[in-house]
Amino acid sequence: MSEIETTKEQQQYVSLKYFGIPKLGPYVKPLKGIIISMACLCLVAGLIDTLHPLFQQYALNHFVELSTLDTLVPFILIYLGILILQTIVNMISASQAGKIEMDVSRDMRRASFNHLQTLSFSYFNQNSVGYIHSRVMSDTGRIGGLVSWSLMDSVWNLTYMIGAIAVMLIINWKMALMVLVIVPLAALASVYFQKHLITLNRQVREINSQISSGFNEGITGAKTTKTLVAEDRMEEDFNKTSRKMFKTATRTSHFRAMFISTITFTSYIALALVLWRGGRITLQGLMELGTLAAFSNYALNLMEPIRWIVRAISDLITVQVNIERFTRLMETESDVADSPEIIEKYGDAFHPKKENWEPLFGDVEFKDVSFMYPDGDEYVLEHFNLKVPQGTNVAIVGETGAGKSTLVNLVCRFFEPTSGQILIDGRDARERSQLWLHSNIGYVLQTPHLFSGTVKENLLYGKPDATMEQIEAAVKAVSADAVIERMDKGYDSDVGEGGDLLSTGEKQLLSFARAILADPRIFVLDEATSSIDTVTEKLIQDAIEHLMKGRTSFVIAHRLSTIRQADVILVVKDGKIIEQGRHKDLMRMKGYYYNLYTRQYAEETTRSLS
Amino acid sequence: MKTNQPLFTKTSLVAHFLQGCKRFFILSILMSFLNTLMEMLIPQVIRRFVDSVIGDDPLNLPAFAEAWLARLAAPSSSQVYLRGHMYLVAILIGILALLVAFAFYGTHQSNAIAAEKLHKNIREELFAHIQKLPFAWHMKNKTGDIIQRCTSDAERVRIFIAEQMVSVVRIVIMMGLSLYFMFSMDWRLSLVAACAIPVIVGYSAFFHAKIGGSFEKCDENEGILSTIAQENLTGVRVVRAFGREEFERKRFEKQNVYYTGLWISLMKLMAVFWGIGDFISGLQVLLILVLGSVFCVRGTLSAGEFIAFLSYNMMLIWPVRQLGRVISEMSKAGVSLDRIMYIMNSPVEKDRDNAVSREETDKALKGDIVFENVNFGYEPDIPIVSDINLTIPAGSTFGILGSTGSGKSTLMHLLNRLYELPEENGKITIGGVDIADMKAEDLRRNIGMVLQEPFLFSRTISENISITNRNMTMEEIRKAAKIACVDEAIKEFKNGYDTVVGERGVTLSGGQKQRTAIARMLTSRAPVMVFDDSLSAVDAETDARIRHALSESLGDSTVILISHRITTLMQADQIMVLDKGRIVEMGTPDELLEKNGIYKKIYDMQLSLSEDETA
């Protein structure tokens, strides 16, 4: 496990040119005006902060020392004026920062989401949903925070520091220089502590995710743990991670507390120095008391901004990872892309030009196709030829994980052949747009996916303009009407997140109905009835036979008994097609299919007998 | 824990979690007091410095300091001496600063230790409790929900106790001490300063109560946006296959813009809130400045006191501004505590009070397994198994044949008490001892069970195999792996037995998983072994090899084989055919063949299918 951690850690150190800021151009540039305005306002706010001690100075030097209240009214008015200005500046700059943060992250979310809609499946196969999701939802937020709040903090505090130093230099440059000697010390200490904090915060996050997966394992693995009586072992191991968390977290707080303590200490040392030297000068009458007080005030508050600036810098460093990951996503190019000419004619994913689309009939031909997955190093198809005339029923069989989906992925153009061609209606699939092809395909998956919303909304997904009659007909065709009747609100029932409120079988039925409603020319059924009970499956089988007439279909079968009637059966093993033919031919060959079939058939029979 | 489990109330649960943390919290608060006090002494030093060292007022120090200074200063007066040795004041401030820094560190570090200990307690208690909860509880509750309770809710409780409650205490200390010093100098000015407290706290509490809902609304809408993205990514195949990219883009865009707008308007509100907060405190400072000047001019306040007063005022205003926010956020913790309490108050697995000893159980497990009139269903009215009567002689191999849902696995769940058989629903005995009288732990340790869909823990393969015994040698591990025919496959991995599997590592195929699970079970050398369709993902050849290797190493163990494969079942001494939860056939393989029932049909199909089908 430790190995994984170190590689993860190493991956987190990235070096981008100019801290990756140029990469953010497209998202930051439209907000140039407001960002500059915010920075200017922060400048003003920082300057106003530097003015405050001067009021105290005036009160002491004028009112107290001279024992007069003659200028009290203008004093109050000026103070109020500045206060109102400050209030307005603070309000505007803070709401501008909020807007910048949200606008930048909104635009980045939009860009990444839209880009993801065009990426090919190899990207989704190589990156987990959780990983991609974080790019869209959390990287964008952190980058937004950097260009708003971190920028605000640094401008504000830097202005205050420069302003304070300037005023101090004007009042008494010798004393100011003395105080300034401490600043680099405080800065060095800050950098030292913050460096540790960056690393430690990373570790804390990493251990935190280990704890979450510890809980996950403790809960999902409960049955196994109990069976093995491994509760104590699991608890011990979990507690080990838990203790590591305790250690790392307290170590982190140690550095943070040391950091702040150091800043506080140096601040007071600055104050002490001012009182020591300044006291003498004041005693000698070379400096007024109010001026000494103001000077002390500046000295005391000079170190705190360093902490904020260092923190903003560390934000910049930590966000590098997010910028890098985000840019990598945006720079990933789709393996499957339509050429500019095709887009010109048929439109892209977001702007289809349906008026130019030809009808699709459903002839599919593999012509000398060789294929290797982009992340693989072995051909899974070599010089493969297969003609699938319109209306043919192709079945694909093989063990779980044998690579049955490869052919389907190629037909759907989710992947493209490494060499060779796939012809749709006699023309290379690449001569038409992806959307054209996809709009004519009905795809039903083993792990059916529904979207949050009602049953009806889900059914309409493939054909938004379908009438109620059409919906009902599709639902009837797959015998899903019983399922919908059972729900309390019928077609308007909520299906839950990802269809969570339904069983897998029910989801399969609905996604089946959804595909039928879309009235596609090519059907792809990927173990589409594996979780449906035998009786319903039989009903569907009959319906399908009727529905499939004239349509080309590719069926990945789970129960082999369901595909005996197929026009051609492709047998896949270890990612390669090893046998091909009708059921009878394959049985006669007594090869792999024969074995697979006899074994499965036996199990099937046991099931159907009971 | 074995007997009656006491139920927690909110207070007792918090007290339970606080074990071992309290002293750190107390230390933290003491340190915080010291920190604040030292910080507040510094303005006092400045005040005397201004009034008596630079000015001419009498020093007015505490008696011991006066005496010490007089001795140091002799023969001149203390005042004159200090004027010549101003560095002494600087040193004094330096010392105080050191104490401030030290106490600050102490405050934060002891608080961090307390907070982390508390968090550690919460998560370890939760984890341990969840491990002990019955399997039925696990089936009933959603994993995601439980994890949420264990992580975010636990975090919120930690924040409530270790951050919010502590900061209230700290704020009260700061307010109390600064008011004390202010009143000790000028009560009228202090009264004016204090008047701002209710205004600022009230303003901020009112505001936070008002917009608390807006924060929740933002969170909610972020959730919706996040779900849209999540569903789009998990459903990417559906999106593409239906060509609905444009629809998805619009859906995301709408929520993205809406959510962003919500936040921006909330930020604007917050900016106004901060601004007005700044304004109110600015006015208060102005009031003190003006009144202080007036008092100074009238002579009731000295310049040093004025300077010190202004410092205290700043120390007062800052915590007051925090207070309103903290109070309004504290109310959220109650719900989280309830959600954690739900887990902690769920009853754990229980053994009978008079459970038999471990030795007796170990001995009994070498005997016959007997099911007597067993009836069981997970839901009260839906029986899964009915009228099960059977005897599995010690050391024999017992086969079970039946379709999915016929109740095979349920019988095994009852056998190792993953589900408890209610007393009125029959009895299961092993070696004459009712399994309900044994300790669940002792019973399970003696029953090695391999599940159809085995779960491997996300650690190395060797750790997985040796999970029940940390001290297992590499030879033992490899021996088990060899019997399970998985040794070769493991060696093919780059890291061999040190390959990490599961969530964080490589994914094994179904067959590799099953075989690894068999190896894991074999290491326990249990007298009863159950194979619950555990070779379904292994091809027939390997199946035969494993069975051969197994039969050599099983020795005198009692073996229960659940399988669809006749060839596997054929070597059993006895076979039971289960249908819809009832025993329909039972006997030796030969007897069953003669009976001409289900077993015979399947036997014929599997072994003579070739002629039927190819004809």
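The values are calculated or read from the model by the stated rules, or taken from the named source; none is laboratory data. It should be emphasised that the depicted structure is a prediction, and the values quoted were computed from it without experimental measurement. Glycine gets a Cβ as well: all are built from the backbone with ideal geometry, and neighbour counts include every protein chain shown.
Any residue at all in the stretch B:464-480 that is within 14 Å of chain A (Cβ to nearest Cβ), buried (at least 18 other Cβ atoms within 10 Å of the Cβ) and of a type in the set (Lys, Arg)?
If we filter the stretch B:464-480 for residues that are within 14 Å of chain A (Cβ to nearest Cβ), which is where we start, we get B:464-472, B:480.
Imposing the further condition that a residue be buried (at least 18 other Cβ atoms within 10 Å of the Cβ) reduces the set to B:464-468, B:480.
When the remaining residues are screened for being of a type in the set (Lys, Arg), the result is none.
Scanning the stretch B:464-480 turns up no residue that is within 14 Å of chain A (Cβ to nearest Cβ), buried (at least 18 other Cβ atoms within 10 Å of the Cβ) and of a type in the set (Lys, Arg).
Scan (1) closer than 28 Å to residue B:101 by Cα; (2) more than 30 Å from the chain's Cα centre (by Cα) for the single condition residue A:223 breaks and write down its number.
Residue A:223 satisfies all of (1) closer than 28 Å to residue B:101 by Cα; (2) more than 30 Å from the chain's Cα centre (by Cα) except (1).
Among (1) within 14 Å of chain B (Cβ to nearest Cβ); (2) modelled with pLDDT of 85 or more, where does residue A:403 come up short?
(2)
It is to be established whether one or more residues within the stretch B:294-306 are acidic (Asp, Glu), facing chain A (nearest Cβ under 8 Å) and touching a helix residue (DSSP H, G or I) at 6+ places or on another chain (Cβ under 9 Å). Step through it out loud before you land on a result.
As a first pass, look at the stretch B:294-306 and keep what is acidic (Asp, Glu): B:305.
Next, from what is left, pick out any that are facing chain A (nearest Cβ under 8 Å): none.
The answer is no; no qualifying residue exists.
Given the conditions (1) closer than 24 Å to residue B:239 by Cα; (2) away from chain B (no Cβ under 14 Å); (3) touching a Ser or Thr at 6+ places or on another chain (Cβ under 9 Å), and given that residue A:359 satisfies all but one, which numbered condition is not satisfied?
Every condition holds for residue A:359 apart from (3).
Just the residues that are at the interface with chain B (Cβ under 7 Å from one of its Cβ atoms) and charged (D, E, K, R), please, taken from the stretch A:257-296.
A:280, the sole residue that qualifies.
Taking the stretch B:72-86 as the search range and keeping residues that are within 10 Å of chain A (Cβ to nearest Cβ) and buried (at least 16 other Cβ atoms within 10 Å of the Cβ), which one is farthest from residue A:252 (Cα to Cα)?
Going through the qualifying residues, I end up with B:83.
Residue A:84 passes all but one of (1) at the interface with chain B (Cβ under 8 Å from one of its Cβ atoms); (2) over 18 Å from residue B:228 (Cβ atoms); (3) surrounded by 18 or more Cβ atoms within 10 Å (Cβ to Cβ); which number fails?
Only one criterion is unmet by residue A:84, namely (3).
Can you go through A:150, A:112, A:93, A:154 and tell me which one is more than 7 Å from chain B (Cβ to nearest Cβ), within 28 Å of residue B:249 (Cα to Cα) and part of a helix (DSSP H, G or I)?
Details: A:150 fails: within 28 Å of residue B:249 (Cα to Cα); A:93 fails: within 28 Å of residue B:249 (Cα to Cα); A:154 fails: within 28 Å of residue B:249 (Cα to Cα).
Only one candidate passes the filter, namely A:112.
Quick one: would you say residue A:158 is modelled with pLDDT of 90 or more, surrounded by fewer than 21 Cβ atoms within 10 Å (Cβ to Cβ) and under 28 Å from residue A:101 (Cβ atoms)? Give the derivation first.
On the way: modelled with pLDDT of 90 or more: yes; surrounded by fewer than 21 Cβ atoms within 10 Å (Cβ to Cβ): yes; under 28 Å from residue A:101 (Cβ atoms): yes.
Considered against the rule, which asks whether it is modelled with pLDDT of 90 or more, surrounded by fewer than 21 Cβ atoms within 10 Å (Cβ to Cβ) and under 28 Å from residue A:101 (Cβ atoms), residue A:158 comes out as yes.
Give the residues of the stretch A:366-422 that are of a type in the set (A, V, I, L, M) and assigned to a strand (DSSP E or B), sorted by residue number. If you could, list the steps in order and put the result at the bottom.
Initial filter on the stretch A:366-422 (of a type in the set (A, V, I, L, M)): A:369, A:372, A:380-381, A:386, A:388, A:394-397, A:402, A:407-408, A:410-411, A:422.
If the condition is that a residue be of a type in the set (A, V, I, L, M) and assigned to a strand (DSSP E or B), then A:369, A:381, A:386, A:388, A:394, A:395, A:396, A:397, A:422 are the ones that fit.
Being farther than 14 Å from residue B:348 by Cα and buried (at least 16 other Cβ atoms within 10 Å of the Cβ) is the filter here; which residues of the stretch B:125-147 pass it?
B:141, B:146, B:147
Given A:103, A:139, which one is at pLDDT 90 or above, of a type in the set (D, E, K, R) and part of a helix (DSSP H, G or I)? Show your work before the answer.
Details: A:139 fails: at pLDDT 90 or above.
One residue alone meets the criteria, A:103.
With (1) facing chain B (nearest Cβ under 7 Å); (2) more than 30 Å from residue B:238 (Cα to Cα) as the list, and residue A:77 as the residue in question, which single condition is left unmet?
Here residue A:77 meets the rest and fails (1).
In the stretch A:226-246, what residues are within 19 Å of residue B:526 (Cβ to Cβ) and more than 7 Å from chain B (Cβ to nearest Cβ)?
Scanning the stretch A:226-246 gives a single hit, A:232.
Give the stretch A:425-480 a look and list any residue that's surrounded by 24 or more Cβ atoms within 10 Å (Cβ to Cβ) and in a loop (DSSP other than H, G, I, E, B), or say none.
A:433, A:448, A:450, A:478, A:480
Step by step: first the residues of the stretch A:309-349, then only those that are more than 30 Å from residue A:42 (Cα to Cα) and of a type in the set (S, T, N, Q), then the one that is surrounded by the fewest Cβ atoms within 10 Å (Cβ to Cβ). Which residue is that? Steps first, please.
Here is the first cut: in the stretch A:309-349, the residues more than 30 Å from residue A:42 (Cα to Cα) are A:325, A:328-349.
Restricting the remaining residues to those that are of a type in the set (S, T, N, Q) gives A:332, A:334, A:339.
Numbers: A:332: 16, A:334: 14, A:339: 11.
Within the stretch A:309-349, the match that is surrounded by the fewest Cβ atoms within 10 Å (Cβ to Cβ) is A:339.
Consider residue A:443 carefully, then state whether it is more than 20 Å from residue A:364 (Cβ to Cβ), among the aromatic types (Phe, Trp, Tyr) and within 9 Å of another protein chain (Cβ to nearest Cβ).
On the way: more than 20 Å from residue A:364 (Cβ to Cβ): no; among the aromatic types (Phe, Trp, Tyr): yes; within 9 Å of another protein chain (Cβ to nearest Cβ): yes.
In short, no.
Please name all residue pairs, on different chains or six or more residues apart, with Cβ atoms under 9 Å, provided the first residue is in the stretch B:567-591 and is within 13 Å of chain A (Cβ to nearest Cβ) and the second residue is in a strand (DSSP E or B) and exposed (fewer than 15 other Cβ atoms within 10 Å of the Cβ).
Matching pairs, first to second residue: B:581/B:387; B:582/B:387; B:583/B:387; B:583/B:389.
Take the conditions surrounded by 19 or more Cβ atoms within 10 Å (Cβ to Cβ) and within 28 Å of residue A:97 (Cβ to Cβ) and apply them to residue B:271. Does it pass?
Details: surrounded by 19 or more Cβ atoms within 10 Å (Cβ to Cβ): yes; within 28 Å of residue A:97 (Cβ to Cβ): yes.
Taking the combined requirement at face value, the residue satisfies it.
Among the residues of the stretch B:564-582, are any surrounded by fewer than 18 Cβ atoms within 10 Å (Cβ to Cβ) and modelled with pLDDT of 85 or more?
Looking for residues that are surrounded by fewer than 18 Cβ atoms within 10 Å (Cβ to Cβ) and modelled with pLDDT of 85 or more, one finds at least one in the stretch B:564-582, hence yes.
Among the residues of the stretch B:235-283, which ones are in contact with a strand residue (DSSP E or B) (Cβ under 6 Å, 6 or more places away or on another chain) and more than 7 Å from chain A (Cβ to nearest Cβ)?
First, the residues of the stretch B:235-283 that are in contact with a strand residue (DSSP E or B) (Cβ under 6 Å, 6 or more places away or on another chain): B:241.
If the condition is that a residue be in contact with a strand residue (DSSP E or B) (Cβ under 6 Å, 6 or more places away or on another chain) and more than 7 Å from chain A (Cβ to nearest Cβ), then no residue fits.
Inspect the stretch A:326-337 for any residue being among the β-branched types (Val, Ile, Thr), modelled with pLDDT of 85 or more and in a helix (DSSP H, G or I) and give the result as yes or no.
Yes.
If we only count helices (runs of 4 or more DSSP H) wholly inside the stretch A:172-267, which ones have 3 or more residues that are in contact (Cβ under 8 Å) with a residue 60 or more places away in the chain? Walk me through it before giving the result.
On the way: elements: A:173-180, A:182-220, A:222-228.
So the answer is A:173-180, A:182-220.
Of all residues in the stretch A:5-49, how many are surrounded by 14 or more Cβ atoms within 10 Å (Cβ to Cβ) and at pLDDT below 60?
Total meeting the criteria: 2.
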